[in-house]
Amino acid sequence: MEERGMSREMIEALLQEKKLKDLSYERILSSMCTYPHEMAAYAHKMFLESNLGDSGLFPGTKEMEDEVIRMLGALLGNENAFGYLSTGGTESNIQAVRAIRNRKRKEGMSNMNMNIIVPETAHFSFDKIADLLSINVQKASLDEELRVDVNSVESLINDKTIGIVGIAGTTEFGQIDPIKELSEIAMDKDIFLFVDAAFGGFVIPFLDENYEFDFSLDGVSAISIDPHKMGMSTIPAGCILFREEFYLDELVVSTPYLTTKGQCSLTGTRSGASAAATYAVLKYLGKEGLKTIVDECMRLTRLLVDGAKRIGIPPVIEPVMNVATLSFPESEVGRVVNALEERRWRVSITRTPKALRAVIMPHTDEETIKLFLDDLEDVV
Ligand code: 0PR
């Protein structure tokens with residue numbers, strides 16, 4: 001840091017310079033984030049200083065968090081769910097697993113060989129969980145449509161399995177695991193079932209096809225859903241919801257000198273701004289507004305996939321959500337993605353099978369899809 005501060009004008013110029021280096025979302029098809037809704041940005045700015053880590057000082061913000069928990073619980077089949085607004089999918093995943101681990105420990109289970117079972121498609125945050133919580137993360141194989149194979153899940157269960165995970169909207173393929181079957185296994189074997197709907201939570205309820213994936217299935221114990229992905233809120237905004245309050249109790253540490261007695265979040269200081277943003281945008285859009293957004297993302301996803309088919313590139317799976325994955329010979333996909341990058345497109349490459357992945361977020365419009373298809377045709 002310099003001894004003396006700079007003028008406001010100089011800082012503004014510096015910021016402009018940095019801003020120009022960042023990409024704008026228009027040609028980004030590799031991200032699950034997007035521009036926050038204008039209503040979210042307005043609320044965020046209004047509550048910049050608010051800290052939910054000491055919520056007694058900000059009871060108005062706390063009311064908004066409680067209301068968001070009710071709204072998201074209701075969206076996911078249980079308006080009486082218990083939870084809090086996290087920093088995103090990673091924190092929610094950690095906390096879901098931490099809650100069941102702590103409960104099992106309390107019941108007398110030792111950490112030795114303790115395990116959870118996740119699909120091979122699970123987000124890389126589960127690798128952090130294995131490290132942080134010292135539990136084994138077993139990976140179940142997939143069926144042909146890249147959903148978790150329930151037989152594989154069942155065969156991995158042993159007496160040290162504390163939880164199983166299903167993904168409602170996989171990061172790479174936008175696929176939805178058979179949560180109903182997982183729920184039956186969970187009930188049958190009395191095992192905690194966590195549904196990672198970080199991406200899908202704001203999409204699946206608004207699809208034309210009906211998928212059972214939420215608390216309306218009795219075996220589902222916890223769900224994560226991220227307002228900073230398809231919820232149009234500001235970063236950081238995630239949400240973890242539990243069916244039963246005792247799971248939250250497993251996460252509590254006491255905070256004797258704060259305005260609250262205890263805290264169950266992973267972080268201490270916690271953004272009230274993004275809680276306000278989430279509250280504002282959900283109130284503003286309502287289910288109708290969210291559905292309009294999902295409808296358009298799905299229409300454009302199909303447009304992309306149909307256009308790719310016409311130029312001879314098949315999808316890995318027919319799109320279930322707003323993620324398109326295009327199949328290339330393994331030796332080709334890297335070259336195609338690089339050539340697209342030279343034309344200022346950002347797409348990503350999936351792990352297995354290797355494919356070009358495009359996430360069609362609300363910042364994408366029809367014109368962009370057409371330009372992308374033109375470039376794709378050129379490149380191949
Ligand atoms: N669960 C699922 C199903 C996810 O897709 C993700 C993130 C997470 C959990 C973790 O969420 P947080 O990143 O909020 O902790 N999925 C995206 C991914 O890893 C996140 C992302 C977003 C990556 C924007 C890049 C980007 O530009 O691909």
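The values are calculated or read from the model by the stated rules, or taken from the named source; none is laboratory data. Here the structure is a predicted model, which is why all the values come from computation and not from measurement. Here the Cβ is made from the backbone with ideal geometry for all residues, glycine too, and neighbour counts use every protein chain on show. The protein model used for the area step is the full one, side chains on, heavy atoms only, and it has no ligands, DNA or RNA in it. Shrake-Rupley method; radii C 1.70, N 1.55, O 1.52, S 1.80 Å.
If we count every other residue with Cβ under 11 angstrom of Ala197's Cβ, Lys/Arg +1 and Asp/Glu -1, where does the sum land? Summing Lys and Arg as +1 and Asp and Glu as -1 gives -3. For the chain, a crude dipole built from +1 on the beta carbon of Lys and Arg and -1 on the beta carbon of Asp and Glu, taken about the Cα centre, is about 840 debye to the nearest 20.
Across the cross-link table entries Lys139/Lys160; Lys19/Lys283; Lys106/Lys189; Lys139/Lys309; Lys106/Lys128, which are compared at the Cα atoms, the separations over 21 Å belong to Lys19/Lys283; Lys139/Lys309; Lys106/Lys128. Please list, ordered by chain and number, the residues whose modelled amide H lies under 5 Å from the amide H of Gly262; skip anything fewer than 5 residues away on the same chain. The answer is Thr255. Label segment 261-306 by shape, choosing from rounded, prolate and oblate, from the square roots a ≥ b ≥ c of the eigenvalues of the Cα gyration tensor; if a/c is under 1.5 it is rounded, and otherwise prolate applies when a/b is larger than b/c, oblate when it is not. Because a/c hits 1.5 or more and a/b exceeds b/c, segment 261-306 counts as prolate. Note on Thr267/Asp218: beta-carbon distance plugged into 1/(1 + (r/R0)^6) with R0 of 30 Å gives a FRET efficiency of 0.40. Within segment 159-234, antiparallel bridges make up roughly 10 percent of the DSSP beta bridges whose residues both belong there.
Near Met114, the amide H atoms lying under 5 Å from its own belong to Asn136; only residues 5 or more places off or on other chains count, and H is placed 1.01 Å from N. Protection proxy ranking, highest mean first, for peptides 18-28, 219-229, 110-120, 321-331: 219-229, 321-331, 110-120, 18-28, where packing is the per-residue count of other beta-carbon atoms within 10 Å, averaged. If the reach is capped at under 14 angstrom between alpha carbons, list the aspartates and glutamates near Lys104, excluding any in the same chain fewer than eight residues apart. Cα-Cα hits under 14 Å: Asp159, Asp190, Asp249, Glu250. Lys and Arg at +1, Asp and Glu at -1: add these up for the other residues within a Cβ distance under 11 Å of Asn151 and post the number. Local charge sum for Asn151: -4.
Could you tell me which of rounded, prolate or oblate describes segment 113-260, using a ≥ b ≥ c as the square roots of the eigenvalues of the alpha-carbon gyration tensor, with rounded for a/c under 1.5 and, failing that, prolate when a/b is larger than b/c and oblate otherwise? Note, shape of segment 113-260 comes out oblate. Here the Karplus relation 6.51 cos²θ - 1.76 cosθ + 1.60, evaluated at θ = phi - 60°, turns the backbone of segment 202-215 into coupling constants of 9, 10, 4, x, 10, 6, 5, 7, 9, 10, 8, 8, 10, 5 Hz, with x for every Gly and Pro.
Rounded to 0.05, the FRET efficiency of the Leu20 and Val379 pair, given R0 = 22 Å and the Cβ-Cβ distance, is 0.25. Which of rounded, prolate or oblate describes the chain when judged by the alpha-carbon gyration tensor and an a/c cut-off of 1.5? Note, shape of the chain comes out oblate. Per residue, the accessible area of segment 121-231 comes to 37 Å², computed with a 1.4 Å probe over protein heavy atoms only. Can you compute the helix-only [θ] at 222 nm over the chain? Use -39500 (n - 2.57) per DSSP H run of at least 4 residues, normalise by all residues, nearest 500 deg cm²/dmol. It lands at -13500 deg cm²/dmol. Using a 1.4 Å probe, how large is the accessible area of Tyr42, given in Å² and rounded to the nearest 10? Roll a 1.4 Å probe over it and Tyr42 shows about 130 Å².
When both bridge partners sit in the chain, DSSP labels roughly 55% of those beta bridges antiparallel.
Taking the chain as a Gaussian network of alpha-carbon nodes connected by springs under 10 Å, the highest mean-square fluctuation of the residues Gln138, Gln263, Gln16 belongs to Gln16. Note on segment 38-282: with neighbouring protein chains present and a 1.4 Å probe, carbon and sulfur make up 48 percent of its accessible heavy-atom surface. Return the single residue from Gly231, Gly163, Gly268 with maximal mean-square fluctuation; model: Gaussian network over the chain, springs between Cα atoms under 10 Å. Per the Cα network of the chain with a 10 Å cutoff, Gly268 tops the list.
For Ala140, the residues whose amide H sits under 5 Å from its own are Val118, Glu120, ignoring neighbours fewer than 5 places away on the same chain, with H placed 1.01 Å from N.
Overall, segment 133-254 carries a charge dipole of about 440 debye about its Cα centre when +1 sits on the Cβ of Lys and Arg and -1 on the Cβ of Asp and Glu, all other atoms neutral.
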